[in-house]
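So the structure is just underneath, and the comments pick up after that.
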Amino acid sequence: GCEGRTLTILAVCGLKREAEIAGVPGVVAVAGGGDAAGLTRKLNALHGDITGVISIGLGGALSPHLKVGAVVIGERILAGGEVWRCDNLWRVALAAKIPGAHQGPIAGSDVILERSETKAGLFHSSGALSVDMESQIAARFAAVRGLRLAALRVISDDASHTLPPAALAAMTPDGGIALGRVLWSLAKNPLQLGALVRTGRTSGKAFAELLRCRDFLGPSLGGVGLAGPDL
């Protein structure tokens, strides 16, 4: 029967590890693995009582003031010319539980912005504090379904950091890591090892902070009790 149905928060992530962290009680977490079309299909296939959508995981800094481990809570999501507003109540609830978090626009991109120049350009044109590959997909899905939207991203590489080629080769469509591709890229270009080690270290710090945020937010990632009388 339909009695006792629980409203679920949908967490939209890039990596499997992000989804594992976000998948607390009351949350269904989906990892996109950098595949925009695949992630959109996964979300569109979801049915059931979703009450809100949160884009959550790691992100790249666009603002030069953000250090690795900084937390960004989205006020709105930007992609191309599109803008989606984040739910104010949910945003305030997130900010109250994570002191010191930065609030502002978050950019969604269908491609990895590996170069610092590209990141600087997007910062100046949009004012977005951080960028990731899932927020725009989460925002579109929330808009189509008429759901509340939130975004929380932990900075894993600062604005001046250029990602090594091996890091760009790493992600599989299910959000896992393709170690073979990473090693192949390293074999072709061993000079990137230092940058790759640094990327691993900074993402390790960011994952630790993401875990801390999740523990602060608790069940439903701070999105519980926001359902209006119309839901």
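The values are calculated or read from the model by the stated rules, or taken from the named source; none is laboratory data. Bear in mind that the values here come from a model prediction, so they are computed numbers and not experimental data. Cβ sites come from the backbone with ideal geometry, for glycine too, and all protein chains shown count toward neighbours. Side chains included, ligands, DNA and RNA excluded: accessible areas come from the protein's heavy atoms. Shrake-Rupley method; radii C 1.70, N 1.55, O 1.52, S 1.80 Å.
Observations
- So Leu46, is it assigned to a loop (DSSP other than H, G, I, E, B), more than 15 Å from Leu129 (Cα to Cα) and open to solvent by less than 60 Å² (accessible area, probe 1.4 Å): yes
Each row is one residue, and each column tells you yes or no for (1) in contact with a Ser or Thr (Cβ under 9 Å, 6 or more places away or on another chain); (2) crowded, with 22+ Cβ neighbours inside 10 Å.
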residue: Ala107; (1), (2): yes, yes
residue: Gly127; (1), (2): yes, no
residue: Thr162; (1), (2): yes, no
residue: Trp184; (1), (2): no, no
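- Just one residue in the set Ala19, Ala37, Ala93, Ala29 is open to solvent by less than 20 Å² (accessible area, probe 1.4 Å) and either at pLDDT below 95 or outside any loop (DSSP other than H, G, I, E, B) (or both); that residue is Ala19.
- Segment 111-135: number of residues that are among the small types (Gly, Ala, Ser) and under 22 Å from Arg148 (Cβ atoms): 3
- Counted residues, segment 86-143 - those being hydrophobic (A, V, I, L, M, F, W, C), over 19 Å from Leu66 (Cα atoms) and in contact (Cβ under 8 Å) with a residue 24 or more places away in the chain: 10
- Odd one out for Gly74 among (1) over 25 Å from Thr118 (Cα atoms); (2) open to solvent by less than 60 Å² (accessible area, probe 1.4 Å): (1)
- For segment 198-215, a tally of residues being within 22 Å of Ala61 (Cα to Cα) and either open to solvent by 80 Å² or more (accessible area, probe 1.4 Å) or among the basic types (Lys, Arg) (or both) returns 5.
- Helices (runs of 4 or more DSSP H) fully within segment 112-231 counting 3 or more residues that are touching a Lys or Arg at 6+ places or on another chain (Cβ under 8 Å): 193-217
- Residue within segment 132-141 that is more than 14 Å from the chain's Cα centre (by Cα) and surrounded by fewer than 18 Cβ atoms within 10 Å (Cβ to Cβ) present: no
- Count - residues of segment 164-181 that are buried (at least 19 other Cβ atoms within 10 Å of the Cβ) and either closer than 23 Å to Glu117 by Cβ or free of Cβ contacts under 8 Å to residues at least 60 places away in the same chain (or both): 5
- Subset of segment 49-86 [under 17 Å from Pro105 (Cβ atoms), out of contact with any helix residue (DSSP H, G or I) (no Cβ under 9 Å at 6 or more places or on another chain) and not in a strand (DSSP E or B)]: His65, Leu66, Gly81
- Some residue of segment 164-184 being modelled with pLDDT of 95 or more and aliphatic (A, V, I, L, M): no
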